[in-house]
Every structure is written in structure tokens, then in C-alpha cells.
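Written out below as C-alpha cells is the structure these notes cover.
The values are calculated or read from the model by the stated rules, or taken from the named source; none is laboratory data. Keep in mind it's a predicted model, so treat the numbers as computed, not measured. Every residue, glycine among them, receives a Cβ derived from its backbone with ideal geometry; neighbour counts consider all protein chains shown. Note: accessible area is taken over every heavy atom of the protein model, side chains too, but ligands, DNA and RNA are not part of it. Shrake-Rupley method; radii C 1.70, N 1.55, O 1.52, S 1.80 Å.
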Amino acid sequence: WDTPATSNFIDVTSEQELRDVMRAAYGNERASTLLVVEFYGKCCNSCRRLYPALKKLAKREQDVLFVKIDFDECKELCRKLGVVKLPYFHVYNGSGSRLADFAGSLDPVKFKRLTDAIETNKSTHLVKQTHKVRNSLHNQA
């Protein structure tokens, strides 16, 4: 987690920050940005092994916004969102509706579940909003 990820892969450290990211991603026009949230733990070996593959996926899928949330720093948020094991993923569409949630790993079947969720839910008229979101969040800081 110490190596930088792509600009469309950001850390979120609170429930309010997640709300801000979602608000910026969807905006008033309810843009079609797909949001993938990874819940991880620094002591989770599966999470550590999965991270390089997620960075590659984020680099390849520049029109998708990837968010990572540390379970240990955000336990209450994780409980509210139904995170039951690590690593865990939520996929949200442009209107903020949760499209999928599942446990993940580097196991080819489980990782394919993530890539399939992205491919299935990407809009054919996808608007590149990730830089707008990143700039909006940067300006709020």
C-alpha cells in the first residue's frame, strides 16, 4: 500500500469522505462513473497479494474510480456497509446504487468476479469523470 497507485485509485478514511467521493463522482448530473470500493486490512495477506493486481486493473480501467478503505481505520463504516470478510468489494453505478458486493482474492474465479462486475456495469456512454472527481476532492482539502 506504500507504492503510489493511479490517479483513479484513492484512499478513503471516513464515512464522510466516502460520501464526498460518491457525491463528486455522481454530481448533480448523476454521471455514469462506475465506482469500485475495496475494503482491505493491512494485516490481511490476501489483501496484500491482491493489491498489485488491483493497481494494474485501475491503470487499465481509467474510466472507473477505485476507492480503498482500511477496515481497521473504518470499522464502523465497514459494519454499516455489510463487510463480512477481507478483501471485500462493492460496485456502485452512476446513480450511487450498489450493483454488486462480494469477497475477492487473487483466485482466478474470484478476481474474474471483480473484472466481470466492472465490464458488465460499465456504461457504453461512459463519461470520464475520474479526473473531475479527483480535482474536486483535491480542492476540498
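Residues that are crowded, with 16+ Cβ neighbours inside 10 Å and touching a Ser or Thr at 6+ places or on another chain (Cβ under 6 Å) were ranked within the range 115-134; the one that is modelled with the highest pLDDT is Arg134.
Every listed requirement among (1) among the β-branched types (Val, Ile, Thr); (2) at pLDDT below 90; (3) under 14 Å from the mean Cα position of the chain (by Cα) is met by Thr13 save one, (2).
Do the conditions hold for Lys112, that is, is it closer than 13 Å to Ala25 by Cα, open to solvent by 50 Å² or more (accessible area, probe 1.4 Å) and either modelled with pLDDT of 85 or more or among the charged types (D, E, K, R) (or both)? When the stated conditions are applied, Lys112 does not pass them.
When each of Leu86, Leu50, Leu35 is tested for being among the aliphatic types (A, V, I, L, M), in contact (Cβ under 8 Å) with a residue 24 or more places away in the chain, in contact with a helix residue (DSSP H, G or I) (Cβ under 9 Å, 6 or more places away or on another chain) and open to solvent by 40 Å² or more (accessible area, probe 1.4 Å), the lone residue that passes is Leu86.
Of all residues in the range 60-80, how many are over 18 Å from Ala24 (Cβ atoms), open to solvent by 30 Å² or more (accessible area, probe 1.4 Å), touching a helix residue (DSSP H, G or I) at 6+ places or on another chain (Cβ under 9 Å) and touching a residue at least 40 places away in the same chain (Cβ under 8 Å)? Residues meeting the conditions: 2.
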